[in-house]
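Below you'll find the structure, written out as structure tokens, and then a few comments.
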Amino acid sequence: MEYLKLFVFAVFVSNVVLSQFLGICPFLGVSTKVSTASGMGMAVVFVMVIATLVTFLIQHCILDPLGLGFLQTIMFILVIAALVQMVEIILKKISPSLYQALGVFLPLITTNCAVLGVAILVIQKDFNLLQGLVYSISIALGFTLALVLFAGIREHLELVGVPKGVKGTPIALISAGILAMAFMGFAGLVKI
Amino acid sequence: MGTIIICAIVAMAVAGLVLSLVLYIVAQKFKVVEDPRIDQVAEVLPGANCGGCGFAGCRALAEAIVKAGDLEGKACPVGGAAVMAKVGGIMGLAAEESEPMIAVVRCNGGKCNTHKKVEYDGVLDCASANQNFSSEGGCSFGCLGLGTCVSVCKFDALHINPETQLPEVDEDKCVACRACVKTCPRKVIELRKKGKGNRRVFVSCINKEKGAVAKKNCDVACIGCGKCEKECPFGAITIENNLSYIDFNKCKSCRKCVAVCPTGAIHAVNFPPAKPKVEKVMQENTDVSASIENVEQKQTEKKKEMIATEIQNTKSE
């Protein structure tokens, strides 16, 4: 029950993109087609879970015992960037088909603030490892949900007569705002 | 205070070192041996990723070429023979000769030659307009003029002419990538051979309705009278479903069909302006007033001719 609550909280109530405004760059960048959006979402799930696992261990096994808590941000960035690179190299060798599917998006995630944000949030909220993993998976799924929803909206926007002045990015930003407002409806559904 | 700074520096340095070491080891261990020629071939290709070759992108084409080890059926429409020769050099193969192609808009109806019957006020996209109605002029085969082909052209080679409401191909920019051909819901645009000196002859109409119906909707429709078919000394022209089609592989650009076409549906492009007929059709911008007069005169002539042929046709039927 506790994990279900955590899941609903992370996916809907505090959606990483639409409520916490993290990872906006891929939200606007890779959301023109549903297929690429879901590909990106899968890549984020993959990376976020691994990143949370590793940063959790680093925080509790290295930074905390040494009293170096203030190095958290820079250390996490370093670790996540290296990690994504490593995953990319390994994937290319082990599973070329998965690499084909995720390959384009992996480098994009290296510096995605949503990944770093989740890693830090897990530490801040004092989750244990299992909670942290569930939280990171849920956040990543929430990210995917937002991305796919938005991509669907943008695909429809292509077909309707948008006024010339707001064609392209402006109308994308407007619809992103409306989508975020819609997600505000979930506020208070679950408390953590 | 001093110790913690040193501690932090050491921690970061160690972390950096360890990570780089791990990355290095992983990179060595999981090295994927790729044929270096893939990179070389991809380098030579234009990198437009237009998909005109039939592969997902330039790198996909490069991979396919290296993997198959031959160039059969693989050609870059953007780079043309020059690029394929380079690729052939890398692969040690002779490139397949491919004749340059160009997109041709086979409709000359538009605003000027059709009579507007309805006003379209829907989604400005050819695919959806195609489902909803025939066209403002009534022809259900011809160009809708909403410019979906223009929006898919990655090379800025298509533009809607504001006067005629028809797309025009910029011959210098078109690379025959087929994007517009695939997009057009009515298959108005066709890829045809560029021809010697860019000169080519084609039927600028794809209306399959009977002559009288087609003509009613559009002044310059092909009525399937068959004059061109009889006239063509090379057997390049066939009439099917009331529509004439010129096979660009057989056409020798003699332009005899252009001269006999009663509706002016057959166009000859880029020929020197020897005959006023040819000039009228293609060089719209040169002398508008003169050509308009010319057109009017010609059209009355054509109408007479048309009626004559119609009568003949009905008699023979």
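The values are calculated or read from the model by the stated rules, or taken from the named source; none is laboratory data. Computed from a predicted structure; not experimentally measured. Counting neighbours? That spans all protein chains shown, and the Cβs are built from the backbone with ideal geometry, glycine included. Just the protein is used for accessible areas: all its heavy atoms, side chains included, with ligands, DNA and RNA removed. Shrake-Rupley method; radii C 1.70, N 1.55, O 1.52, S 1.80 Å.
Observations on the model:
- The test for being out of contact with any Cys (no Cβ under 9 Å at 6 or more places or on another chain) and within 22 Å of A:Gly41 (Cα to Cα) holds for A:Ala140.
- The single residue among B:Asn49, B:Asn113 that is within 14 Å of chain A (Cβ to nearest Cβ), surrounded by 13 or more Cβ atoms within 10 Å (Cβ to Cβ) and touching a Cys at 6+ places or on another chain (Cβ under 6 Å) turns out to be B:Asn49.
- Selection of the range A:21-44 for residues being within 11 Å of the chain's Cα centre (by Cα) and of a type outside the set (Val, Ile, Thr) yields A:Phe21, A:Leu22, A:Gly23, A:Cys25, A:Pro26, A:Phe27, A:Met40, A:Gly41, A:Met42, A:Ala43.
- Single residue of the range A:33-46 satisfying the filter (among the β-branched types (Val, Ile, Thr) and touching a helix residue (DSSP H, G or I) at 6+ places or on another chain (Cβ under 6 Å)) that is nearest to A:Thr169 (Cα to Cα): A:Val34
- Hits in the range A:65-77 - residues which are open to solvent by less than 60 Å² (accessible area, probe 1.4 Å), part of a helix (DSSP H, G or I) and facing chain B (nearest Cβ under 9 Å): A:Leu71, A:Met75
- Answer residue from the range B:11-46, given it is polar (S, T, N, Q) and exposed (fewer than 15 other Cβ atoms within 10 Å of the Cβ) and is nearest to A:Ser97 (Cα to Cα) among those: B:Gln28
- If you filter the range A:17-45 down to residues that are open to solvent by 70 Å² or more (accessible area, probe 1.4 Å) and closer than 30 Å to B:Met12 by Cβ, you find that the one that is farthest from the other protein chains (Cβ to nearest Cβ) is A:Phe21.
- Residue count, the range A:142-190 (criterion: assigned to a loop (DSSP other than H, G, I, E, B), touching a residue at least 40 places away in the same chain (Cβ under 8 Å) and open to solvent by 60 Å² or more (accessible area, probe 1.4 Å)): 3
- Residues being open to solvent by less than 40 Å² (accessible area, probe 1.4 Å), of a type in the set (A, V, I, L, M, F, W, C), modelled with pLDDT under 85 and on the phi < 0 side of the Ramachandran plot are represented in the range B:301-315 by at least one member.
- Per the listing B:Ala82, B:Ala56, the residue uniquely hydrophobic (A, V, I, L, M, F, W, C) and either open to solvent by less than 60 Å² (accessible area, probe 1.4 Å) or assigned to a loop (DSSP other than H, G, I, E, B) (or both) is B:Ala56.
- Residue match in the range A:82-103 (condition: in contact (Cβ under 8 Å) with a residue 60 or more places away in the chain and either within 14 Å of chain B (Cβ to nearest Cβ) or surrounded by fewer than 19 Cβ atoms within 10 Å (Cβ to Cβ) (or both)): yes
- Of the listed requirements (1) more than 7 Å from chain B (Cβ to nearest Cβ); (2) more than 18 Å from A:Ile109 (Cβ to Cβ); (3) open to solvent by 30 Å² or more (accessible area, probe 1.4 Å), A:Val54 misses just one: (2).
- Considering residues of the range B:123-141 that are assigned to a loop (DSSP other than H, G, I, E, B) and out of contact with any helix residue (DSSP H, G or I) (no Cβ under 6 Å at 6 or more places or on another chain) only, the residue most open to solvent (accessible area, probe 1.4 Å): B:Leu124
- Filtered by the rule that a residue be touching a Ser or Thr at 6+ places or on another chain (Cβ under 8 Å), of a type in the set (A, V, I, L, M, F, W, C) and touching a residue at least 40 places away in the same chain (Cβ under 8 Å), the range B:213-240 gives B:Cys218, B:Val220, B:Ala221, B:Cys222, B:Ile223, B:Cys225.
- Unique residue being touching a Cys at 6+ places or on another chain (Cβ under 6 Å) and open to solvent by less than 20 Å² (accessible area, probe 1.4 Å) when the list is B:Ala103, B:Ala62: B:Ala103
- Enumeration of residues in the range B:197-209 that are more than 9 Å from B:Ser253 (Cα to Cα) and of a type in the set (D, E, K, R): B:Lys208, B:Glu209
- Top-ranked residue of the range B:103-125 - restricted to ones that are among the hydrophobic types (A, V, I, L, M, F, W, C) and more than 16 Å from the chain's Cα centre (by Cα), ranked as nearest to B:Lys182 (Cα to Cα): B:Leu124
- Filtered by the rule that a residue be open to solvent by 60 Å² or more (accessible area, probe 1.4 Å) and on the phi > 0 side of the Ramachandran plot, the range B:142-157 gives a lone residue, B:Asp156.
- Yes/no for B:Gly122 being within 14 Å of chain A (Cβ to nearest Cβ) and within 21 Å of B:Val175 (Cα to Cα): no
- Number of the condition not met by B:Glu63 [criteria: (1) of a type in the set (D, E, K, R); (2) assigned to a loop (DSSP other than H, G, I, E, B); (3) within 14 Å of chain A (Cβ to nearest Cβ)]: (2)
- Of the residues making up the range B:1-46, those that are away from chain A (no Cβ under 14 Å) and aliphatic (A, V, I, L, M) number 4.
- All helices (runs of 4 or more DSSP H) inside the range A:88-141 with 2 or more residues being closer than 15 Å to A:Val17 by Cβ and among the hydrophobic types (A, V, I, L, M, F, W, C): A:106-109, A:113-124
- Condition check for B:Ala11 on (1) free of Cβ contacts under 8 Å to residues at least 12 places away in the same chain; (2) in the same structural domain as B:Arg199 (by TED's automatic domain parsing): one failure, at (2).
- The conditions of being of a type in the set (S, T, N, Q), away from chain B (no Cβ under 14 Å), open to solvent by less than 40 Å² (accessible area, probe 1.4 Å) and more than 18 Å from A:Met40 (Cβ to Cβ) are not met by A:Gln124.
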